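Data first, discussion second: the structure below is written as structure tokens.
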């Protein structure tokens, strides 16, 4: 849907942009009466440069009817600043030029991993409007000189569902950095969603978001937890002799197993197994656990399948915890899931990319984390990391022998609506964020 139509309704009626959808009618949008209808038509004609007949005006019954009259009108070229520059959303014709710009700034940041990954990140995202990728471009002298990609999500916050998006690559060319390109890209982005989110930044971008006064929950960093599974990497730093290294490794691993002994996760009616697809039961699971987390990205089946089962160039291990159905039927009930990724580098490292269970389901949490460690140990992994912000997850990681380490993962938030309380979003304990959010788990 053309964003200018939402602008028309917001300007004339003062209604939230998210309720302006093609199916909306005067019965569902407050203030859209016969007098306001004429004002909407007048503003629509001004913005789109068209003139409607009286029959066309009377035939408009919903927002989609406005859209039908705007179908052949090209979006306006952004008004240039004093330096001839401007910001607008990406057009389909910009794709090749954007890929060329991505190559130009590749030494600073990866904007395009591959054409296949770009298609997955934008057109395939279930929260992206077809044909309208949420990518903002800064143009200078007719060329792309700045980029801000975003990943739209639904954010459950304080009992409300809000439109939100994660930043995915903020960068500007050297020749426009003194012209406020980054600030103008960010300002344009914040007009299109209720809450803007940033996870992981370059040093320059971190300074910019800090200077702009964005909220920094938990001090501005998502926490990093680590557990050693094999002390070999540590021993190698301190023992050069092969025999001494072998002996030290044996002793170190024995001590490690004692020091980091995890509580038992056996027994009960809970079973953890590897699976391939997120089926319809994950929608039921999401509805059951969502209320326990004050602020969390919606993790329903559609989102999870896109994020962790269809991303090109990334191999995940997916684990599900299940119990027997209370109804006594054959279908088992989902109690939680975990998504793992093994990195091919030394020391052999793996990540608990994403994991979720009910806030009061200790058995499910411990079983999922314990099963994850077993799977990764069987693959020869030496270190397991979990980048997360959630009191619930952090408490269970500590029970399973994880230790807190310094975290480089920045986290910024900006509520874009006046009715959203900044204090609520600034409180770190309200958030559930994992490495699987945003674009931090890249190929």
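The values are calculated or read from the model by the stated rules, or taken from the named source; none is laboratory data. Because the structure is a prediction, the values reported are computed rather than measured. Using ideal geometry, Cβ is built from the backbone for each residue, glycine included, and neighbour counts are taken over all protein chains shown.
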Can you tell me which residues in the range 88-100 are over 21 Å from residue 131 (Cβ atoms) and under 24 Å from the mean Cα position of the chain (by Cα)? none
Is it fair to say residue 10 is within 30 Å of the chain's Cα centre (by Cα) and without any contact (Cβ under 8 Å) to a residue 12 or more places away in the chain? yes
Looking for something modelled with pLDDT under 90, surrounded by fewer than 13 Cβ atoms within 10 Å (Cβ to Cβ) and within 30 Å of residue 173 (Cβ to Cβ) - is there at least one such residue anywhere in the range 52-60? no
If you go through the range 43-52 one residue at a time, do you hit one that is out of contact with any strand residue (DSSP E or B) (no Cβ under 9 Å at 6 or more places or on another chain), in contact (Cβ under 8 Å) with a residue 40 or more places away in the chain and in a loop (DSSP other than H, G, I, E, B)? no
List the residue pairs whose Cβ atoms are under 6 Å apart, where the first residue sits in the range 142-154 and is farther than 17 Å from residue 182 by Cβ, the second is modelled with pLDDT under 95 and assigned to a strand (DSSP E or B), and the two are 6 or more positions apart or on different chains. 151/168
Being surrounded by fewer than 17 Cβ atoms within 10 Å (Cβ to Cβ) and touching a residue at least 60 places away in the same chain (Cβ under 8 Å) is the filter; apply it to the range 348-362 and report the residue that is nearest to the chain's Cα centre (by Cα). 359
Return the pairs, sorted by first residue and then second, in which the second residue is in a helix (DSSP H, G or I), the first residue lies in the range 168-183 and is not assigned by TED's automatic domain parsing to the domain that holds residue 212, the beta carbons are less than 6 Å apart, and the residues are 6+ apart or on different chains. none
If you take the residues in the range 162-211 that are in a loop (DSSP other than H, G, I, E, B) and on the phi < 0 side of the Ramachandran plot, which one is farthest from the chain's Cα centre (by Cα)? 173
Quick one: would you say residue 114 is under 27 Å from the mean Cα position of the chain (by Cα) and at pLDDT 85 or above? yes
Scan the range 128-141 residue by residue and report those that are surrounded by fewer than 17 Cβ atoms within 10 Å (Cβ to Cβ) and either touching a residue at least 40 places away in the same chain (Cβ under 8 Å) or closer than 29 Å to residue 177 by Cα (or both). 129, 132, 141
I'm trying to understand the selection: among the residues of the range 103-131, which are assigned to a helix (DSSP H, G or I) and either touching a helix residue (DSSP H, G or I) at 6+ places or on another chain (Cβ under 7 Å) or within 12 Å of residue 146 (Cβ to Cβ) (or both)? 104
Considering every residue within the range 1-22, establish whether at least one is in a loop (DSSP other than H, G, I, E, B), touching a helix residue (DSSP H, G or I) at 6+ places or on another chain (Cβ under 8 Å), at pLDDT below 90 and farther than 18 Å from residue 194 by Cβ. yes
Do you know which residues across the range 343-361 are in contact with a helix residue (DSSP H, G or I) (Cβ under 9 Å, 6 or more places away or on another chain) and modelled with pLDDT of 95 or more? 350, 352, 353, 354, 355, 356, 357, 358, 359, 360, 361
